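The values are calculated or read from the model by the stated rules, or taken from the named source; none is laboratory data. On a predicted model such as this, the values are computed, not experimentally measured, just so you know. Please note: Cβ atoms are built from the backbone with ideal geometry, for glycine as well, and neighbour counts cover all protein chains shown.
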């Protein structure tokens, strides 16, 4: 009997022993997976698609679900899933999504994955597998809209080198992830997916308490998502075409002339008969089509030169006229026709707030509300800079209970005399301190 | 030896390297990307090249000394050989340099204890806190984390700490090595275990004014937990080496419960002072400390010491442990009652009244711990017996403490008597 291609992966936090994983030798690789879930309650987590180079340089792929086990120990986690030699196949996550979420369904998932192992690794068999991916969740209008917004954002982002793209979502929006993995800008054959930071290509999802924010939707992305909702294979092909277009090196001509606006990205809508992953053959270069951009560029340059010449002439004429007119000819009427009074100069607070939001102190997270209460913000920043409070906590212009408690023990704060009493900052001193801090950057 | 000691003395504790380069502080995100380009960093920690480093903060938005080189002076240096960030306390003058090795099994409270000792600004919990008389300045970075946010879950087996302690005109540099207990378990990876042994060898080649090896052992009535006692052979210095101090940090004492008050009174009835003290503590209304307090505690200590076969009397032992912790809690309000600071109460007030009370509590803690130890695995029996000899110094090999803090919104945490360690060290170096 041939050895299974996909094998079981389990991990748990065992009291008095620590974090354990089966197979044992992969613990060091898998340990970071759940660490970012430390602050989440028990059972909160999500999927992962991960690959690493184990002993002997073998590439090991792993896919599963990792959740916080905070009740056992802060920072502890549980995981379940599958591992295999080589990367996890591109379609595995959407294909096994439903079973993956439930640890009790892992045996069934393993059986199915091993039955389909050959097809999963063979791109020519993917159309059949894609037909097995259930698009029903995309019939939900809210989910579909959220997916359009998120994919539009992801496609607009520059391609990060060996770094993941961050995706913010709440626990109820996890359903977006298999579709982001399948349709997103990173080739799913190479894309990793983790809740923790990693060096590599893929997506790092960050679980927050609020659902993903809204945003603009790119027309082509919307078409792709709508197509996927009715036919996953069709959506996959559109995504492949979009990724290919995105990965294509930019022409040498000026970017301004060449790059079409995002809203009007033209995308081929391949038919089902085309081979799935293989890129479409590129058309032979046409001499006329090569000549046209050149002619257009020459015309643009000539036009710009003509405009520059005319502007120069106009300026020279105006200078000559002003030089010949005596100062006494300025009439009262001209004096009255002064431009409208300029907007009042920004106040000191506004300047500080503007500078603070534009250049937040290094390593300190600023929320927009911080600009509304600068004295409080000054004290919050001071505490973080002087190690009296965790830098990871965002500055929001309000004192939390934890901050108030930390303030009482912060000797540096007492020495700087930024507080008027135990709870209120000294407005003038704290503003002055903040102004100095901002201008020093 | 004397001529070259100073030059040889500045070593990287991780690899023994003697050359260092200055580095700037950058974003932790940058550190995270750069660490993969310096495989020796992971190699010297027994980690495979491809292994990631666990962080609880998903966006890595804090500062961390990077791997870049700077030519301008920087307080942060890395070893040329293994690229480890070396806290300045490891490279300071050996006369004021002290090595603190802490190790313990998972969930023993080791990281919490260290965080409390090194960075106590956010929570009140220490016997000598709040006071401005002891200044402590922790080195902010505990690579790959920070002292403000030491991650409890990590595959990194060794963390380097640093802290400068000042008291009046004295100054001590505490160089700390936090050894993760998992590496000594059978399930651990052999690479990490061997690396830790290498690191301990490197550390032994350096000179320190004092070496403290603290084993963190949690209070556990089940006696099933594996503790770290078997490490003693690895972690102690050569026989006869000067200034080695071993001790136990006995955590989670707040979990001890009063199982049977009557059984406890019956056990103590042979001594009136002891039983009276126990009744006052159980009653909870009277003053715990009186003129017979030291005599009472001495009697309890003797009774515990003279009793054999604790295995069958664990409930009584737990009640006595509960008694100890209640006394520790009661001690924390004494300085306030006398209107003096906690440090002054410990050192100077009424001829060092605090010190006498605390010493007695510590002796009781040691015999209680030894009783639990002998009822279980017996790892530390020899060490405690030796430390309890009349001429031994210091006389408290066991530092008892509660580890559970009160809820976030409350003012005070429970006492962690770890600061006694600092007080004692300061006095020895005075």
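Annotations
- Filter result (more than 10 Å from chain A (Cβ to nearest Cβ), touching a strand residue (DSSP E or B) at 6+ places or on another chain (Cβ under 9 Å) and part of a helix (DSSP H, G or I)) within the stretch B:22-39: B:30, B:31
- Those residues of the stretch B:28-47 which are within 27 Å of the chain's Cα centre (by Cα) and either under 17 Å from residue A:54 (Cα atoms) or not assigned by TED's automatic domain parsing to the domain that holds residue B:12 (or both), in sequence order: B:42, B:45, B:46, B:47
- Residue in the stretch B:290-299 that is closer than 18 Å to residue B:258 by Cα and surrounded by 22 or more Cβ atoms within 10 Å (Cβ to Cβ) present: yes
- Checked against (1) closer than 19 Å to residue A:77 by Cβ; (2) touching a strand residue (DSSP E or B) at 6+ places or on another chain (Cβ under 7 Å), residue B:51 passes all but condition (2).
- Condition met for residue B:83 (in a loop (DSSP other than H, G, I, E, B), without any contact (Cβ under 8 Å) to a residue 60 or more places away in the chain, more than 14 Å from chain A (Cβ to nearest Cβ) and within 17 Å of residue B:202 (Cβ to Cβ)): yes
- Residue in the stretch A:201-218 that is within 14 Å of another protein chain (Cβ to nearest Cβ), surrounded by fewer than 22 Cβ atoms within 10 Å (Cβ to Cβ) and at pLDDT below 90 present: yes
- In the stretch A:408-417, residue surrounded by the fewest Cβ atoms within 10 Å (Cβ to Cβ) [restricted to those that are within 12 Å of chain B (Cβ to nearest Cβ) and part of a helix (DSSP H, G or I)]: A:415
- Taken as a whole, the structure leaves residue A:245 outside the set of residues that are in contact (Cβ under 8 Å) with a residue 12 or more places away in the chain, under 23 Å from residue A:130 (Cα atoms) and surrounded by 22 or more Cβ atoms within 10 Å (Cβ to Cβ).
- When residues of the stretch B:134-149 are limited to those that are in contact with a helix residue (DSSP H, G or I) (Cβ under 8 Å, 6 or more places away or on another chain), touching a residue at least 60 places away in the same chain (Cβ under 8 Å) and in a strand (DSSP E or B), the one nearest to residue B:57 (Cα to Cα): B:136
- Checklist (1) in a loop (DSSP other than H, G, I, E, B); (2) modelled with pLDDT of 80 or more; (3) surrounded by fewer than 22 Cβ atoms within 10 Å (Cβ to Cβ) applied to residue B:152, failing item: (2)
- Checking residue B:90 against (1) part of a loop (DSSP other than H, G, I, E, B); (2) within 29 Å of the chain's Cα centre (by Cα), the condition it does not meet: (1)
- Residue A:41 being surrounded by fewer than 23 Cβ atoms within 10 Å (Cβ to Cβ), more than 11 Å from chain B (Cβ to nearest Cβ), at negative phi and in contact (Cβ under 8 Å) with a residue 40 or more places away in the chain: no
- Hits in the stretch A:46-72 - residues which are more than 11 Å from chain B (Cβ to nearest Cβ), over 18 Å from residue A:22 (Cβ atoms) and in contact with a strand residue (DSSP E or B) (Cβ under 9 Å, 6 or more places away or on another chain): A:46, A:47, A:49
- The residues of the stretch A:370-407 that are within 12 Å of another protein chain (Cβ to nearest Cβ), surrounded by fewer than 18 Cβ atoms within 10 Å (Cβ to Cβ) and assigned to a helix (DSSP H, G or I), listed by number, are A:385, A:401, A:402, A:404.
- Test: residue in the stretch B:96-105 that is within 14 Å of another protein chain (Cβ to nearest Cβ), in contact with a strand residue (DSSP E or B) (Cβ under 6 Å, 6 or more places away or on another chain), crowded, with 21+ Cβ neighbours inside 10 Å and closer than 30 Å to residue B:246 by Cβ: yes
- Flag if residue A:31 is at the interface with chain B (Cβ under 9 Å from one of its Cβ atoms), modelled with pLDDT under 95 and more than 25 Å from residue A:210 (Cβ to Cβ): yes
- Test: residue in the stretch B:58-68 that is touching a residue at least 60 places away in the same chain (Cβ under 8 Å), within 14 Å of chain A (Cβ to nearest Cβ), assigned to a loop (DSSP other than H, G, I, E, B) and crowded, with 16+ Cβ neighbours inside 10 Å: yes
- Here residue B:64 meets each of (1) more than 29 Å from the chain's Cα centre (by Cα); (2) within 27 Å of residue A:390 (Cα to Cα) with one exception, condition (1).
- Output for the stretch A:166-198, where each listed residue is in contact with a strand residue (DSSP E or B) (Cβ under 9 Å, 6 or more places away or on another chain) and farther than 21 Å from residue A:67 by Cα: A:184, A:185, A:186, A:188, A:190
- Residue match in the stretch A:73-80 (condition: more than 14 Å from chain B (Cβ to nearest Cβ) and over 29 Å from residue B:103 (Cβ atoms)): yes
- The stretch A:44-75 - residue that is at pLDDT below 90 and within 26 Å of the chain's Cα centre (by Cα) and, of those, surrounded by the fewest Cβ atoms within 10 Å (Cβ to Cβ): A:53
- The requirement of being more than 19 Å from the chain's Cα centre (by Cα) and at pLDDT 85 or above is not satisfied by residue A:253.
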